[in-house]
Amino acid sequence: MGGVFVELKDIRKEFPGVVALDNMSLQLKAGEIHGLIGENGAGKSTLIKILTGVYQPDKGEICVKGEKTSFHGPADSKAKGISCVYQELNIVKELSIADNLFMGSYVKRKGSPLLDYAYMNKKAEEIMSTMGQDISAKELAGSLGMGQQQMIEIGRAVLLESDVIILDEPTSSLGEKETTELFKTINILKEKGVAILFVSHKLEELFELCDVVTVMRDGEHISTTPIKDMTKDLLINHMVGRTLDNLYPKVETKRGEIALEVKGLTREGEYYNVSFEAYRGEILGFAGLVGAGRTELMRGIFAATIPDSGEIKIDGKAVRLRSPKEAIKNKIAFLTEDRKQQGLVLTETIEKNMSLVNIDRLKNGLFVNVEKIKEQAERCVEKLQIRTPSIHKLSGELSGGNQQKVVIGKWMNSDAEIYIFDEPTRGIDVGAKIEVYNVMNELVKANKCVIMVSSELPEILGMCDRVIVMREGYKRGEVTINSTNFNQESIMKAAWGGTINER
Ligand SMILES: Nc1ncnc2c1ncn2[C@@H]1O[C@H](COP(=O)(O)OP(=O)(O)OP(=O)(O)O)[C@@H](O)[C@H]1O
Ligand SMILES: [Mg+2]
């Protein structure tokens, strides 16, 4: 392992009403993969933005190769060899891989105003190939999966010969296979002597990938430990400041009537002939690999898109929903996977966002009941432990995980009977996950119907009463909690290639 490439010393960063970082120190070394973990709002993304020159610290020092420096903007940091792959990918889908890689640093032919595509294509293929991606550089970026698009972003860092590469929650929208590919690439970069900073809420990933892990809490440094000396319990303890003994607090409930019945639902190119029932008082899981058609199916049920054929019954009555508005009227709540685009108005306050789905109930005649709205928002902030100085903060100013909690809070307030949660715990910390599970528990205890789409098998097995497995748009199996097939192996098998036949 090489020397310290970049060091942060006693960094402080304040936003109005919030100290995002205080006394925070971190060293990134050549050839080392450094994991960074902490609860939502702990200050991880802010730390990254200090490293990449997006924010300037109020106090503290940044040293690159032992020399004190300051970054006046992202270009400064980049010039010093630091690159970052943000969670929201910055890829132009209509352009080729080579175009995307060389964006902003196009190479021209010698003595000519024309771009040297022969060179750029060759170089781009070389770079992608060192990352295990043997694809033509002329292919359009949009035709690639999320994993490969992310590789293009990492490829940009490789092209710049960056000494430090930062990845902020890179696996949150990747499937198993893509994650494995990504880890291979990260390890290749490590072998080349690159210093890596890897942020993730998935504990298993840190153990699999990292050499050393830093935990932060409330903007401060708690510990930096070689991963071989770390345990999962200790990591959680450092993160939340206490031990959590039950990560999946499932409660016993009684299965009630069928709330939702789906028969032969099909939408060309998305899902085919899917039939299932979802009961009140039950958490029904949807497992499968990313791209198995689960989200598309849920969007079809919620009428965000209209299925080509098939039937939907709610409480035994056939319905033909034509819009999400009608779905909400029929008491369906849909917590979308893509919260940024579909779930949250970033330019509005937490309070406003939380009242959006049930504004009718919050009215007294023509007037909205201001007190009630406030009370409801405060209850959610408390319950979901949303880290914010007040309910009047703009949602866009919250940390990623806290934004997701606002969306959950918003739907928690709806008076729905059928709740569809699509990847509800993606990007949120362990403590908050338990809070989300408790919300689900309360719903099923109140005899409501809960459907959870999740790519995290432990959470599916830990919380669901029954699981449907999908693959390539088809339902491939169904298992109930007391079946011998209610385990990781059987479900994975159905998700990858086989089927589970129990009925
Ligand atoms: N631009 C901003 N304006 C105001 N407050 C901000 C801004 N950016 C971050 N904060 C606040 O700083 C704190 C740290 O946020 P940060 O995004 O760094 O957390 P995080 O550790 O990345 O969390 P997550 O796991 O949820 O992504 C939070 O309380 C957040 O609300
Ligand atoms: Mg963050």
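Where a number appears in this text, it was derived from the coordinates with a stated rule and is not lab data. This structure is a prediction, so every number in the text was calculated from the model and none was measured. When we count neighbours, we look across all protein chains shown, and the Cβ atoms used for this are built from the backbone with ideal geometry, even at glycine.
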- Query: ³J(HN,Hα) across segment 235-240 via Karplus (A = 6.51, B = -1.76, C = 1.60, θ = phi - 60°), whole Hz, x for Gly/Pro?
  - Reply: 4, 5, 4, 5, 5, 9
- Query: Given Cα pairs under 8 Å that are at least 6 residues apart, what percent is the relative contact order of the chain?
  - Reply: 16
- Task: Determine, for C380, C63, the number of other Cβ atoms within 10 Å of each Cβ, and report the residues in order from fewest to most.
- Result: C63, C380
- Once amide H atoms are placed 1.01 Å from N in the peptide plane, what residues at a sequence separation of 5 or more from T349, or on another chain, have their amide H within under 5 Å of its amide H? S395
- Specify the inter-centroid distance of segment 110-135 and segment 283-326, based on alpha-carbon positions, in whole Å. 44
- About the Cα centre, charge dipole magnitude for the chain (Lys/Arg +1, Asp/Glu -1 at Cβ), debye: 820
- Message: For E459, E268, E14, which order do you get if you count the other beta carbons within 10 Å of each Cβ and list the fewest first?
- Response: E268, E14, E459
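Which order results if T253, T224, T425, T180 are arranged by neighbouring Cβ count within 10 Å, fewest first?
Listed from fewest to most nearby Cβ atoms, that is T180, T224, T253, T425.
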- Query: Going by alpha carbons, how many degrees (0 to 90, nearest 10) lie between the helix axis of 430-445 and the longest principal axis of the chain?
  - Reply: 10
- Item | Per-residue [θ]222 nm for the chain (sum of -39500 (n - 2.57) over DSSP H runs n ≥ 4, rounded to 500) | -9500 deg cm²/dmol
- Query: From the phi of every residue in segment 299-316, what ³J(HN,Hα) in whole Hz does the Karplus formula 6.51 cos²θ - 1.76 cosθ + 1.60 yield, where θ is phi - 60° and glycine or proline is x?
  - Reply: 5, x, 5, 7, 6, 6, 10, 9, x, 6, 7, x, 10, 10, 10, 10, 6, x
- Query: Can you list the aspartates and glutamates whose alpha carbon sits under 14 Å from that of K475, skipping same-chain ones fewer than 8 residues off?
  - Reply: E270, E277, E296, E502
- Estimated vicinal HN-Hα couplings, Hz - segment 119-128 in sequence order (Karplus 6.51, -1.76, 1.60; Gly, Pro = x): 5, 5, 5, 5, 5, 4, 5, 4, 5, 4
- Can you work out the FRET efficiency for the pair K9 and D233, with r the C-beta to C-beta distance and R0 = 35 Å, to the nearest 0.05? 0.70
- Message: Straight-line reach from K374: which lysines fall under 21 Å, measuring Cα to Cα and dropping same-chain residues less than 8 apart?
- Response: K352, K363, K383, K393, K405, K410
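Grab the Cα-Cα distance for T243 and E208, subtract it from 0.36 nm times how many residues apart they are, and report the gain in nm with one decimal.
10.4 nm
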- Task: Could you please report the charge total around E220, scoring K, R as +1 and D, E as -1 over all other residues with beta-carbon less than 11 angstrom from its beta-carbon?
- Result: -1
- Note: V19 to C63 extended length (0.36 nm per residue) minus current alpha-carbon separation gives 13.6 nm
- What are the aspartates and glutamates whose alpha-carbon lies under 12 Å from the alpha-carbon of K123, with same-chain residues fewer than 8 places away excluded? D99
